[in-house]
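Since the structure comes first, as structure tokens, the remarks are kept for the end.
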Amino acid sequence: MPDLVPVKNVLASVSDRTGLGEFCAGLAKRGARIIATDSTARFLGEHGVATTSVAGFTGFPEMLDGRVKTLHPKIHAGILADRENPNHMKQLAEAGIEPIDLVVCNLYLFREAVASGKDWRDVIEQIDIGGPTLVRAAAKNHTGVGVVVNPARYEEVAGEIKAKGGLTAETRRSLAAEAFGVIAAYDAAIATWMHRDKEFPPRITISLERAGDLLRYGENPHQRGALYVEQDAGAGTLARAPIHHRRRRQSAPTARAWSPRSRARGPGRKARALLSPVQRELDRQLLQRFR
């Protein structure tokens, strides 16, 4: 695996455009060509970034109301060709296909469509096909291709390209791992929605993401720990509770967080006094289990 991959051709196709204009402008300034799907190209054009349309790159227009945009051999051969395989590179040259060095892609907003209560037909249209295919292809071939699915990493990627002239193997592996995780979570959300009318579906896939920094320690003081939450966990859940004193946030005393009345002081003691004996006993047992 080459340690450094220069970035000459970039394919951009995003739903979340946060930071995209600045990121692609920086890449273009360093000589990269930006290939973009129609809506992404329009957005970048509004931010002064010149692009080559996917249709212009492939010679084939988008069709089926945008359902088919990037599903083309000139795109996927350019992503999937093994740069260290002379036969692969020969086939690209014979077909007149240029390698794609970086894929910048995030997916249709499927979860948001479900949460908004859209009609099932509209939700179906938010099941991304081309995006996951691009991301999986680039992540599989991370030996020669970078893939960015998270706008929060634009600054890191741009900084490395500027400082080193390309993407290192370590960064490409990290980006690929994140990309596969995003695809897995996306597919899990779709599967859950498709089984929405079944009380006991044949398979349940739960996707968790790390919430914030590592904890001070794990279940015991000598262990490391982190808090993972469901992506759809609401603001009112314990997992999304604001941190008022970072040194105090910890996984082991979770039971105390579940039952703050058991440690209430001042006016809170009066509220606890109103609890039934059964509720107080449940509190006591819960706390005892986590001590």
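Computed from the coordinates by the stated procedures, all read-outs in this text should not be read as laboratory data. These figures come from a predicted structure and were not determined experimentally. No Cβ is skipped: glycine too gets one built from the backbone with ideal geometry, and neighbour counts run over all protein chains shown.
A few comments on the model shown:
- Once backbone amide H atoms are built at 1.01 Å from N, Ile100 has Ile79 as its partners under 5 Å, excluding neighbours fewer than 5 places away on the same chain.
- Remark on Ala36: its backbone amide H falls under 5 Å from those of Ala12, Thr52, Ser53, Val54, a criterion applied only to residues 5 or more positions apart or on other chains, H modelled at 1.01 Å from N.
- 5 angstrom amide H check on Ser15, placed H, neighbours 5+ away: Asn106, Leu107
- Computed extension length for Arg17-Ser116: 33.6 nm, one decimal, from 0.36 nm per residue of separation with the Cα-Cα distance subtracted.
- The stretch 62-170: trypsin sites (Lys or Arg not before Pro) in DSSP coil with no more than 15 other Cβ atoms inside 10 Å: Arg67, Lys118
- Using θ = phi - 60° in the Karplus curve 6.51 cos²θ - 1.76 cosθ + 1.60, the 3J(HN,Hα) couplings for the stretch 47-58 round to 9, x, 9, 6, 9, 9, 5, 4, 4, x, 6, 8 Hz; x is entered for Gly and Pro.
- Loop-resident GluC sites (Glu not before Pro) (DSSP state other than H, G, I, E or B) in the stretch 1-90 with no more than 12 further Cβ atoms inside 10 Å of their Cβ: Glu84.
- Per-residue Cβ neighbour rank within 10 angstrom, fewest leading, Leu64, Leu215, Leu107: Leu64, Leu215, Leu107
- Footprinting exposure proxy ranking of His222, His88, His47, fewest other C-beta atoms within 10 angstrom first, gives His222, His47, His88.
- Our coupling estimate for the stretch 103-118, obtained by passing each phi through the Karplus curve with A = 6.51, B = -1.76, C = 1.60 and θ = phi - 60°, is 10, 10, 8, 10, 9, 3, 7, 5, 4, 5, 5, 5, 5, 6, x, 4 Hz, Gly and Pro reported as x.
- Each residue in Trp120, Trp193 was given a count of other beta-carbon atoms within 10 angstrom of its own, and listing them fewest first yields Trp120, Trp193.
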